[in-house]
1. Over all directions, what mean area does the Cα convex hull of chain B project, stated in square nanometres?
2. I'd like the FRET efficiency for residue B:149 and residue A:175, computed as 1/(1 + (r/R0)^6) with the beta carbon distance as r and R0 of 51 Å, rounded to 0.05.
3. Do any residues of the range A:154-198 lose at least 20 Å² of accessible area when the full set of protein chains is present rather than just their chain alone, and if so which, with a 1.4 Å probe?
4. Along Cα→Cβ, 7 Å out, is where each label goes; now give me the distance between the ones at residue B:264 and residue A:26 in nm to one decimal.
5. Express the C-alpha Rg of the range B:90-212 as a ratio against the empirical globular expectation 2.2 N^0.38 Å, rounded to two decimals.
6. First select every other residue whose beta carbon is under 12 angstrom from the beta carbon of residue A:26; then total the charges, Lys and Arg +1, Asp and Glu -1.
7. In whole percent, how big is the carbon plus sulfur part of the accessible area of chain B, probe 1.4 Å, protein atoms only?
8. For every helix of n ≥ 4 consecutive DSSP H residues, a contribution of -39,500 (n - 2.57) applies; sum these over chain A, divide by its total residues, and give [θ] at 222 nm rounded to the nearest 500 deg cm²/dmol.
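The values are calculated or read from the model by the stated rules, or taken from the named source; none is laboratory data. Bear in mind that the values here come from a model prediction, so they are computed numbers and not experimental data. Note: ideal-geometry Cβ built from the backbone for every residue, glycine included; neighbour counts use all protein chains shown. We work out accessible area using only protein heavy atoms, side chains counted, and drop any ligands, DNA or RNA first. Shrake-Rupley method; radii C 1.70, N 1.55, O 1.52, S 1.80 Å.
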Amino acid sequence: MAVTAEQAAVDLREPSGWRRAKNQFATAAMWFAFLCMLVPLGFVLVTVIAKGASVISWQFLTNSTVPPNILPANVDGEGAAVVGTLEITGFAAVMAIPLGVLGAVYLNEYGGNRPLARVLSFFSDVMTGVPSIVMGLFIFTIWVLHFGYSGLAGSFALGCLMLPIVIRSSYEMLRLVPNSLREGSYALGATKARVTVTVVLPAAIGGIVSGALLAVARAAGETAPLLFTILTVEATNPNLFHGANTTLSWQIWENAQQPYAGAVARGWGAALTLIAIAFILMIVARLVTARFARYSR
Amino acid sequence: MGQPEQQEQQVAAKLEVTQTTAPPVGFSPTEADKVFDAKNVSIYYGSFRAVTDVSISIYQHEITAFIGPSGCGKTTVLRTLNRMNDLIATARVEGDVHYRGASLYHKSVSPTAVRRRIGMVFQKPNPFPKSIYENVAYGPRINGIRGKRQLDEIVERSLRQAALWDEVKDRLNKSGLGLSGGQAQRLCIARTLAVEPDVVLMDEPCSALDPIATGRIEDLMREIKQRYTIVIVTHNMQQATRVSDRTAFFSVLRDEKPGKSDTRTGVLVEYGATQQIFEDPHDSRTQAYVTGRMG
């Protein structure tokens, strides 16, 4: 194509001056914020792995006897704490997640503007802000004083802590379900319960699962509510309902205060184990969410 | 309690609703052909009266179109016909709506039972985030049909009726959200037909679609009207003339009473055979609207 007269190209670049400067500044600020966020995150991970990885072994994870603090790190293990964390957090989740999801369903689908719904919503928000140690004290006074220390008491405390988080996150997810989906279902003659179970919950399930597992991960790392509820033990207590128990978070807290090298190493090991458990939980959450969300686009 | 009602009646008297209900050309339906019979229906949202004093009879195996400017209450009236307005907490219906001899708003009537007979297709296609198959099988399932073979049959028949089968038969297990706008709307129609309703209400079903998809849905409506009764709300007057047997023209009235902020209310101005409404409207407002001088 022979062009007789060269056409001067239009300048389509970002206009120079104030606007370009603003753009560059904002981009730089975002990168800076991103790097700032990476520093603590990376620092925590690297430190825990560097100091904890050397203690981790099959024996450390499964040996049921927690050794006295004075012994070196390669003797016995934290199996009791792994079992305790799994059963106490697990049972807390079994109690709090169904209750929390049902509460959110009530608030969003049934409650409307009723006084009960508004009161529930308000108090679940207030509960989110209650310090975790207060939850521990609460369970101590209403349960432990009467029935003694047990993993169950710990589950109650952690459950109280998880409940408002599950309610809030599930509620936000249910709110995002478009009304047109509900109407589509109603128009086919579905009852309200049917609409909720077959359309609303499946549409929100991905977010609900994510929120619930975040609450579980948060609860698994709590120490304060357990101080008054599970005491601690030196050997695995598989019975959730009877007798004192121990958890990884408790072991971190206790070992970190010791002057002995072995105890400190065990503390780092317990920390790494806890992070690994949270990590596995998150991967499971992603897989579950992806499974449920396969029709959402 | 007596006083505000009285006031409302005074307002209604001032609004001067004129209605002409000419019989459709070449067809005189009997009482038995009446599907809906609404008398003096007013619909409120809280204290706001959205629609005033609508009386209309809708006949079976016909397509009835509701036309009129925005805010005239066409959709509101449509949604009272299968009690979808129940879902809005503040909505309230006064007057009588009869569906095949039964009073729709009687205390003993279950809205769920009503909606199983009177299906609805919405303005925006709203397929569920499920597979195409599950979208269509959803209605039969909630009505208690469980057998795989029976469901397969219903899904195929409904998708064929909705002229969608050939396009989706190889991807029934893919998400319903992956369809184009026109396909998604036909999927929603198939979903509605799957429960074999008596009446299909359509709330501007083509407003989000291009002319080709619109044409397909209009063909579809003409085909299925042998078996179903269709009521369609449309902004598109050409569409009303193309598909409908009868047309109801709604308009907005403003009450000039001082001190009230929003006194707009929808009224039924004229209802009759589509040809009569468009070629020989009896009311000057209808004439202004269908000739394009207003709205």
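1. With the hull built on Cα positions only, its mean projection is 16.8 nm².
2. 0.85
3. The answer is A:180, A:181, A:183, A:184, A:186, A:187, A:188, A:189, A:190, A:191, A:194, A:198.
4. Calculated label separation equals 3.6 nm.
5. For the range B:90-212, the normalised Cα radius of gyration comes out at 1.16.
6. +3
7. It is 48 percent, rounded to a whole number.
8. -21500 deg cm²/dmol
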